[in-house]
Amino acid sequence: MSLTRADLAAWCINLDRATARWGQMQPRLAALGLPVERFAAIDGRADPGLVAAALEAAAFRANMGRPALPAEIGCYLSHLAVWERFLASGRPVALVLEDDVVFHDDFLPALDAALAASDQWDMLKLNRIRAKLPVMQGRAGPYRLNAYLGPATGFGGYLITRDLAARLLPRMLPVRMPVDYEGTRWWAHDFRLLGLEPFPSHVDDGGISTINGPGHAEAVKPPRHRRLGNYAMRAGNYGRRLWGLAQRGMLLPRAQPLRSRLTEAQK
């Protein structure tokens with residue numbers, strides 16, 4: 001089913017204490033003319049009890065090779081809370097933004113193209129931290145719809161369907177890795193994750209992260225020998241993505257979506 005902006009619910013996640021961030025986002029959002037609601041983020045630094053209740057600390061350390069940061073658990077829980085709000089809205093699709101997104105001039109045409117192709121994806125990334133080894137699965141207007149053999153991390157801006165939010169929510173706790181790792185494990189959670197490229201937005205925190213501090217000072221990597229579990233997980237994920245794409249007939253690039261190809265073959 002093709003969707004339009006009229007079907008869209010939209011939120012921008014912003015900490016109450018991050019007033020400068022929100023001050024920057026307001027004119028950016030106003031320029032889009034979209035009805036984007038500010039969502040007051042869960043502050044992991046301010047609620048250690050909530051963090052402890054949500055986190056499986058040993059699994060997080062094993063997966064990531066480091067302890068979890070309270071703020072990243074707050075970020076994780078904020079995305080889940082937005083999905084819950086989304087499900088309560090009754091809308092079929094949501095745009096979820098973080099408060100360091102910069103929109104490109106083509107963002108609205110890209111959004112329209114993405115929504116018109118909504119039968120091809122369950123989650124669609126509109127920017128990225130990493131988007132490695134893309135494999136084109138079709139087109140949405142002038143944009144490529146890419147799957148990824150490599151990691152596709154970053155949750156700065158994405159579209160998510162109602163069905164996927166309902167399926168993912170009960171599977172996301174306890175927290176065993178950052179939200180943009182767990183939430184993009186499409187092979188484990190059985191959904192269609194694609195990216196819209198060229199990406200119509202990017203993230204820019206100005207070097208002041210609300211998760212790991214100014215200059216990303218808290219993002220200190222432990223010694224390599226403590227990160228063996230993380231290396232093993234990352235290496236294994238390449239194999240999982242390879243097998244998952246092969247199973248779904250998505251391993252080779254194509255300009256036409258698989259569903260359209262199968263329909264044409266049956267005529």
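Which condition from (1) at pLDDT 95 or above; (2) under 26 Å from Leu77 (Cα atoms) is the one that Val220 breaks?
If we test Val220 against (1) at pLDDT 95 or above; (2) under 26 Å from Leu77 (Cα atoms), just (1) comes out false.
Looking only at region 172-193, filter to residues that are of a type in the set (Asp, Glu) and closer than 17 Å to Ala81 by Cα; which one of those is surrounded by the most Cβ atoms within 10 Å (Cβ to Cβ)?
Within region 172-193, the match that is surrounded by the most Cβ atoms within 10 Å (Cβ to Cβ) is Asp180.
Take region 4-21 and flag every residue that is outside any loop (DSSP other than H, G, I, E, B) and within 20 Å of the chain's Cα centre (by Cα).
At the first step, the residues of region 4-21 found to be outside any loop (DSSP other than H, G, I, E, B) are 5-14, 19-21.
Of everything in region 4-21, those that are outside any loop (DSSP other than H, G, I, E, B) and within 20 Å of the chain's Cα centre (by Cα) turn out to be Arg5, Asp7, Leu8, Ala9, Ala10, Trp11, Cys12, Ile13, Asn14, Arg21.
Those residues that are among the small types (Gly, Ala, Ser) and surrounded by 12 or more Cβ atoms within 10 Å (Cβ to Cβ), I need them from region 16-30; list them, please.
So in region 16-30, the residues among the small types (Gly, Ala, Ser) come out as 18, 20, 23, 30.
Scanning region 16-30 gives a single hit, Ala18.
Of everything in region 223-267 that's over 22 Å from the mean Cα position of the chain (by Cα), within 30 Å of Ala58 (Cα to Cα) and surrounded by 12 or more Cβ atoms within 10 Å (Cβ to Cβ), which residue is modelled with the lowest pLDDT?
Applying the filter and picking the extreme gives Arg226.
Out of contact with any helix residue (DSSP H, G or I) (no Cβ under 7 Å at 6 or more places or on another chain) and of a type in the set (Gly, Ala, Ser), is that true of Gly141?
Answer is no for this residue.
Residue by residue through region 39-70, note down the ones that are surrounded by 15 or more Cβ atoms within 10 Å (Cβ to Cβ) and of a type outside the set (A, V, I, L, M, F, W, C).
Hits for region 39-70 are Asp43, Gly44, Arg45, Asp47, Glu56, Arg61, Asn63, Gly65, Arg66, Pro70.
Sort out which residues of region 72-107 are touching a Gly at 6+ places or on another chain (Cβ under 8 Å) and either of a type outside the set (D, E, K, R) or assigned to a helix (DSSP H, G or I) (or both), and write them in order of number. Step through it out loud before you land on a result.
Taking region 72-107 as the starting set, the residues that turn out to be touching a Gly at 6+ places or on another chain (Cβ under 8 Å) are 72-75, 77, 79, 95-98, 100-101.
The answer is Glu72, Ile73, Gly74, Cys75, Leu77, His79, Leu95, Val96, Leu97, Val101.
Just one of the numbered conditions (1) surrounded by fewer than 20 Cβ atoms within 10 Å (Cβ to Cβ); (2) in contact with a helix residue (DSSP H, G or I) (Cβ under 6 Å, 6 or more places away or on another chain); (3) among the acidic types (Asp, Glu) is not true of Asp163; which one?
Condition (2) is where Asp163 drops out.
Identify, from the list Ile73, Ile13, the residue that is buried (at least 21 other Cβ atoms within 10 Å of the Cβ), touching a residue at least 40 places away in the same chain (Cβ under 8 Å) and over 30 Å from Asp112 (Cα atoms).
Testing whether each residue is buried (at least 21 other Cβ atoms within 10 Å of the Cβ), touching a residue at least 40 places away in the same chain (Cβ under 8 Å) and over 30 Å from Asp112 (Cα atoms) leaves just Ile73.
Looking at region 148-192, which of its residues are in contact with a Ser or Thr (Cβ under 6 Å, 6 or more places away or on another chain) and touching a residue at least 60 places away in the same chain (Cβ under 8 Å)?
Of everything in region 148-192, just one residue is in contact with a Ser or Thr (Cβ under 6 Å, 6 or more places away or on another chain) and touching a residue at least 60 places away in the same chain (Cβ under 8 Å), namely Gly157.
The values are calculated or read from the model by the stated rules, or taken from the named source; none is laboratory data. This structure is a prediction, so every number in the text was calculated from the model and none was measured. Methodologically, a virtual Cβ is constructed for each residue, glycine included, from the backbone with ideal geometry; neighbour enumeration extends over all protein chains shown.
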